Amino acid sequence: MGAAGFLVSTAEWGHNRVMTTTADPDSSWYYDLKTGEVTQGRQRSWTRRMGPYPTAEAASRALETARERNEAWDAEDAEDD
């Protein structure tokens, strides 16, 4: 279990990795890719939001978290070659 009771899992399809969480989408936090705003609940289209996150602070770090995960996964892929 992740923070705040979130169940986090990852799946791999080829080079794409997908993270999923199980949480109440209306009380979770999201990062709006267009405006940079952090919102609670699904207020924006899925095409422009990242999340859900357990806290507003975690949502505010969405781009940084994604960059860190991508770098880690790229390093793993390089090790596999």
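The values are calculated or read from the model by the stated rules, or taken from the named source; none is laboratory data. Computed from a predicted model, the values in this text were never measured in an experiment. Note that we place each Cβ from the backbone using ideal geometry, even for glycine, and neighbour counts take in every protein chain shown. Ligands, DNA and RNA are stripped out before the accessible areas are found, and what is left, the full protein with its side chains, is counted by its heavy atoms. Shrake-Rupley method; radii C 1.70, N 1.55, O 1.52, S 1.80 Å.
A few remarks follow.
- Leading residue by the ranking (least open to solvent (accessible area, probe 1.4 Å)) among those in region 27-81 that are assigned to a loop (DSSP other than H, G, I, E, B) and touching a Lys or Arg at 6+ places or on another chain (Cβ under 7 Å): 33
- Among the residues of region 12-33, those that are within 25 Å of residue 76 (Cβ to Cβ) and either modelled with pLDDT under 80 or out of contact with any Phe, Trp or Tyr (no Cβ under 8 Å at 6 or more places or on another chain) (or both) comprise 12, 13, 14, 15, 16, 17, 18, 19, 20, 21, 22.
- Those residues of region 34-81 which are among the aromatic types (Phe, Trp, Tyr) and either touching a Phe, Trp or Tyr at 6+ places or on another chain (Cβ under 9 Å) or closer than 26 Å to residue 24 by Cβ (or both), in sequence order: 46, 53
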